[in-house]
Amino acid sequence: MTAKGPQKVSRWYFGGLASAGSAYCTHPLDLLKVIYQIDMRTNLSMWQLAREIVRDDGLTALYSGVTAAVLRQLTYSTTRFAIYELGKQSEYGKESGFFGRVVMAAIGGTVGGFVGSPADLINVRMQNDVKLPPAQRRNYKNAIDGIVRVWREEGFRRLFSGASSATARSVFMTIGQLTFYDQAKYTLFQTGYFTDNIGTHFLASVIAGGIATTMTQPIDVVKTVMMNAKPGEFRNIGAILRHIGKLGPVGFFKGFVPRFIRLGPHTVLTFIFLEQLRINFGIVQTQAP
């Protein structure tokens, strides 16, 4: 699904590289989103939260857990993008249309969400550390140290705590981002006013970011609370839902604005990086899918 004429397609690992670069750039926004969802104060804005963090722990605290964020993208996004791209470039992908791409995105999101769960768990914990009293902080040195310590101290299965919600979120995220990005780009090409350039990539990625945020927000709130919970804090998913529901229906959309402020730029940067990798280092194909 590209503009007319000979085009280049992405290599399978470009999505992971693009997502990792984007995650590094937008990490402070992701950190604020995670802490905002966990904080049960109803009169706190994202900007007040940012001031509290910088006041208490310094400006560098906004990059707490960045190694886990990058590792997560190198596992989670490399997997989901690779499955989607390889499927899209297959004969089935070229003939399947929008529904077929939704199916491929769902498969990629399912596998990617599970593969990325350990790094996602460490990412959430490292980000939340800055809001805990010093005596209660986990103080992981980096993502690998966090994974090793969780395995040793809490058991291997704990690394996949929240994997179900992370995988569900990943399915909707991948559909919202990848499928709707391709569809938005195709629709823009069809108007005759857009070509394969950075302006088109920007507009299509903004559309995809908005759709992905709306589709995944409730799942993301549940995932964040589940992964940050102490062992035995919640008996089951129902207890987590009741905990979040104390704020009413709005609790499941808590952090929507800061999340879109984070996910919007993240989606835009991911696809801009991805398209630049594709244009400069991609594989030439003579016939558009």
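Read-outs throughout are calculated quantities, based only on the coordinates presented, and are distinct from any laboratory measurement. All values derive from a computational prediction rather than experimental measurement. When we count neighbours, we look across all protein chains shown, and the Cβ atoms used for this are built from the backbone with ideal geometry, even at glycine.
Kindly rank 236-249, 23-36 from highest to lowest mean number of other beta carbons found within 10 Å of each residue.
So the order, starting with the most tightly packed, is 23-36, 236-249.
I'd like the FRET efficiency for Val103 and His243, computed as 1/(1 + (r/R0)^6) with the beta carbon distance as r and R0 of 51 Å, rounded to 0.05.
0.90
Taking θ as phi - 60°, what are the ³J(HN,Hα) couplings along the range 7-19 by the Karplus curve (6.51, -1.76, 1.60), each to the nearest whole Hz, with x for Gly and Pro?
Couplings: 9, 9, 10, 6, 7, 4, 9, 4, x, x, 5, 5, 5 Hz.
Starting from the Cα gyration tensor of the range 109-244, multiply each eigenvalue by 5, take the square root, and state the resulting semi-axes largest first in whole Å.
Calculated on Cα positions only, the semi-axes equal 36, 16, 13 Å.
Place a point 7 Å from Cα of Asn142 in the direction of its Cβ. Which residues in the range 18-57 have their backbone N less than 15 Å from it?
Counting only backbone N, you get no residues.
For a quick protection proxy, order the peptides 222-228, 184-190 by their average other-Cβ count within 10 Å, most packed first.
The packing order, highest mean first, is 222-228, 184-190.
If you average 1/r over every pair of different alpha-carbon atoms in the chain and take one over that average, what Kirkwood value in Å do you get?
19.5
Return the single residue from Thr195, Thr167, Thr75 with maximal mean-square fluctuation; model: Gaussian network over the chain, springs between Cα atoms under 10 Å.
Ranking Thr195, Thr167, Thr75 by mean-square fluctuation puts Thr195 first.
Would you grab the residues whose amide H sits under 5 Å from the one on Val9? Only those 5+ places off in sequence or on another chain, please, with H modelled 1.01 Å from N.
Ile283, Val284, Gln285
Past 20 Å, Cα to Cα: identify those pairs from Lys33/Lys223; Lys223/Lys254; Lys94/Lys185; Lys33/Lys185, in the order given.
Lys33/Lys185
Around Ser164, what is the net charge, scoring Lys/Arg as +1 and Asp/Glu as -1 over all other residues with Cβ under 13 Å from its Cβ?
Summing Lys/Arg as +1 and Asp/Glu as -1 gives +2.
Order of 253-266, 168-181 by packing, highest average Cβ count within 10 Å first?
With the highest mean Cβ count within 10 Å placed first, the list reads 168-181, 253-266.
Measuring from label point to label point, each 7 Å out along Cα→Cβ, what is the Val284 to Lys94 span in nm?
1.7
Using a Förster distance of 51 Å, how high is the FRET efficiency between Glu154 and Phe202, based on the Cβ-Cβ distance and rounded to 0.05?
0.75
When the Kirkwood radius is taken over all Cα pairs of the range 166-289, what Stokes-Einstein diffusion coefficient follows at 25 °C and 0.890 mPa s, in µm²/s?
In µm²/s, the coefficient rounds to 150.
Considering the Cα trace of the range 1-143, what is its radius of gyration and what is Dmax, both in angstroms?
My reading of the Cα-based Rg and Dmax gives 18.8, 61 Å.
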